[in-house]
Amino acid sequence: MKKIILTGDRPTGKLHLGHFVGSIRNRLKLQNEGNYDEMYIMIADDQALTDNFDNPKKVRDNVMEVALDYLACGIDPSKVTIFIQSEIPALTELTFYYMNLVTLSRLLRNPTVKSEVKLRGFEESIPSGFLNYPVSQTADITAFKANIIPVGDDQLPMIEQAREIVHSFNRVYGDTLVEPNALLPDKEVCRRLPGIDGKAKMSKSLGNCIYLDDSDEEIKKKVMQMYTDPDHVKVSDPGKIEGNVVFTYLDVFCEDKHFKQYLPEYQNLTDLKEHYQKGGVGDVTIKQFLNNILCEVIKPIRERKRELENNLDYVLDVLKKGVEKANLKANETLKEVKEHIGIDYFTNPNYLEEMKEKYQNPKD
Ligand code: TRP
């Protein structure tokens, strides 16, 4: 069985560290291991419009922003097809056929949709386009016959929905579509990186993000604001690790080599945690350490992004070529889907034959 990887992001803002550890890092690993047949990354502008229909400028602008972020992080267009959702008409057509296979109550049960409905204040009247976005996401995935979907755990209900539609489709119309599987980041904490306030997942709307193009000064300011342990007042006080955002981030980003470089008093993270819990390690020490590490992670991404910003023709061309390639594949699947449903009047010579049989040689 071919290995086909597909992921996507809604272009509603620039990418932040939550995206980086939750999906980008995973995608880079997959890309660089090269153990796949096809890999696609989609900028989901149509999906972004389902809850930003009244702010299309935001979506339009962020298509470029997200493309810049992908390329700045090292997504390589010679290995990965990067494309824009709205440029692939087959996705809309597939969505329309799949809608027949899903009930309203099933859509209303989707836990991710439910919490988004609350967040957006859609309780009184949910736009039907929004309610349907899991169906459209199924089209995104199945159009490419993707079977490996690297996502965060908030996307598990979408993959589940896609699998159900694939099963129904194949049962009703015959084997056509491929069943997708989610691929989650190995580390639990990477699936839901908390924001700098420690309260919730990093998210633009909560204002608790560190962006992939933040300056050294911005990173430092944000790290210094991070939630630690409110009872750790004096350096000599014992400190708590659980719920301490600085340690959560160190768990994600810190490697042994960073200690030699930035904090040689301690051997490794276990050693630092032990001392912090005993007392004697100040919050400023751990924050400065984390700041050094994050600056090291973000600096090359930011610099590459600044270069690309002066080369937007190139970026748009990458997207255009990606769209061409994606259309070929998605159109092929759409053709198969229509054949299986039997709505292939002009491309299937049997149609005329069948109708002649029916009208010109009636059995009775
Ligand atoms: N729903 C995803 C998100 O909000 C974006 C997305 C759209 C996606 N289509 C997809 C992810 C297909 C994986 C596969 O992040």
Checklist entry - Could you say whether any residue in segment 91-111 is within 16 Å of the ligand (Cβ to nearest atom), under 17 Å from the mean Cα position of the chain (by Cα) and on the phi < 0 side of the Ramachandran plot? => result no
Checklist entry - Take the residues of segment 179-191 that are touching a residue at least 40 places away in the same chain (Cβ under 8 Å) and away from the ligand (no atom under 13 Å from the Cβ): which is nearest to D344 (Cα to Cα)? => result P185
Item to check | helices (runs of 4 or more DSSP H) contained in segment 234-305 and holding at least 2 residues out of contact with any helix residue (DSSP H, G or I) (no Cβ under 7 Å at 6 or more places or on another chain) and closer than 25 Å to G74 by Cβ | outcome: 256-262
Item to check | Residues that are surrounded by fewer than 23 Cβ atoms within 10 Å (Cβ to Cβ), more than 14 Å from the ligand (Cβ to nearest atom) and not charged (D, E, K, R), drawn from segment 158-172 | outcome: H167, S168, N170, V172
Checklist entry - Is there any pair with a first residue in segment 305-316 that is of a type in the set (S, T, Y) and a second that is modelled with pLDDT of 95 or more whose Cβ atoms are under 8 Å apart and which are 6 or more apart or on different chains, and what are they? => result Y314/L308
Checklist entry - In this structure, does E65 turn out to be in contact with a Ser or Thr (Cβ under 9 Å, 6 or more places away or on another chain) and not hydroxyl-bearing (S, T, Y)? => result no
Checklist outcome for this item: Picked from segment 135-157 (must be within 8 Å of the ligand (Cβ to nearest atom) and part of a loop (DSSP other than H, G, I, E, B)), the residue nearest to I4 (Cα to Cα) is A146
Next on the checklist: Looking at the structure I just gave you, is G195 touching a residue at least 12 places away in the same chain (Cβ under 8 Å), within 16 Å of the ligand (Cβ to nearest atom), surrounded by 18 or more Cβ atoms within 10 Å (Cβ to Cβ) and over 30 Å from E339 (Cα atoms)?
Outcome noted: no
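For the structure I just gave you, tell me whether M42 is within 26 Å of G195 (Cβ to Cβ), surrounded by fewer than 20 Cβ atoms within 10 Å (Cβ to Cβ) and at pLDDT 95 or above.
So M42 fails the test.
The values are calculated or read from the model by the stated rules, or taken from the named source; none is laboratory data. Predicted, not measured: the structure shown is a model, and the values here were computed from it. Quick reminder, even Gly has a Cβ in these numbers, built from the backbone with ideal geometry, and neighbours come from all protein chains shown.
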